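The values are calculated or read from the model by the stated rules, or taken from the named source; none is laboratory data. Predicted model, so just to flag it, every value in this text is computed and none were measured. Cβ atoms come from the backbone with ideal geometry, glycine included; neighbour counts cover every protein chain shown.
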Ligand SMILES: [Zn+2]
C-alpha cells in the first residue's frame, strides 16, 4: 500500500525532511508488544514506541536474572555418570573456570596454623564461592544448548602465581545431557527446570532485541 502520510501519526511521507515508513516486520514487532493493531508506523512516531518496548524488556531482564539465580541450582551437576535408568541424549562437553581472589596461599598457611580458626573458614568460603560460580556457568551453558543435566563432572583446584600473589583456580568439566523422560526428576525439580528453560529463552530473546 502507498501512503502520503503516516497512518499512525499523520506525518507527511513526501518531500525533503519527511519520515519513512517502517518495514512490515518492525510494524508487527511493535503491534505485538504494545498490543496494537496499526497498519504502519513511520520512523518518527515509532522511535518512542520502540524505546518503550526496550524499557519493558530491560525491566524484565533484572527480574528474570534474579529469579534464575535463585533456581538455577535445580539443574543437577553430578560427578557420577547418569543413573542407569535415565534415558538421555548427550549434548556435549561443558567447561568453566573461575579464578578467585589473591592471597590464597597466605590464607592457606594461616589455616594450618590455626586449623579450625577463621583463616580456614575464609579459605573454605573462597573455594565454595568459586565452585558455585563454576557450577552456575556449566548449568547456563547446558541449558542454552538444550540440556537439563550435567553428568560425569570433574573438578580441579589449582593454585596459580607465586608467593603472596597466589590465586585459586577452580576448573570444571562435565557432559551436558538432555534427559528425555522428565519423570526421572521429582515433580518440584521438573517444574523448576521447565521454568529455568523458559527464563533462559526469554533472556536470549531480550539480548537480541535490546541492543
Ligand atoms: Zn508516524
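Annotations
- Residue within region 30-46 that is under 23 Å from residue 198 (Cβ atoms) and touching a helix residue (DSSP H, G or I) at 6+ places or on another chain (Cβ under 7 Å) present: yes
Table: residues versus (1) away from the ligand (no atom under 16 Å from the Cβ); (2) modelled with pLDDT under 90; (3) more than 24 Å from residue 142 (Cα to Cα).
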| residue | (1), (2), (3) |
| --- | --- |
| 38 | no, no, yes |
| 47 | no, no, yes |
| 70 | yes, no, no |
| 78 | yes, no, no |
| 82 | yes, yes, no |
| 90 | yes, no, no |
| 96 | yes, no, no |
| 107 | yes, yes, yes |
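- Verdict on residue 142 being touching a strand residue (DSSP E or B) at 6+ places or on another chain (Cβ under 6 Å), modelled with pLDDT of 75 or more and either outside any helix (DSSP H, G or I) or closer than 30 Å to residue 54 by Cα (or both): yes
Quick grid of which residues meet (1) under 25 Å from the mean Cα position of the chain (by Cα); (2) farther than 30 Å from residue 182 by Cα:
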| site | (1), (2) |
| --- | --- |
| 30 | no, yes |
| 37 | no, yes |
| 58 | yes, yes |
| 90 | yes, no |
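- The listed residue being surrounded by 13 or more Cβ atoms within 10 Å (Cβ to Cβ), assigned to a helix (DSSP H, G or I) and away from the ligand (no atom under 11 Å from the Cβ), out of 32, 61: 61
- Among the residues of region 172-184, those identified as at pLDDT 95 or above and farther than 10 Å from residue 148 by Cβ are 172, 173, 174, 175.
- Looking only at residues in region 12-25 that are crowded, with 16+ Cβ neighbours inside 10 Å and modelled with pLDDT under 90, the one that is farthest from the ligand (Cβ to nearest atom) is 13.
- In region 109-139, residue surrounded by the most Cβ atoms within 10 Å (Cβ to Cβ) [restricted to those that are modelled with pLDDT of 90 or more and out of contact with any strand residue (DSSP E or B) (no Cβ under 6 Å at 6 or more places or on another chain)]: 139
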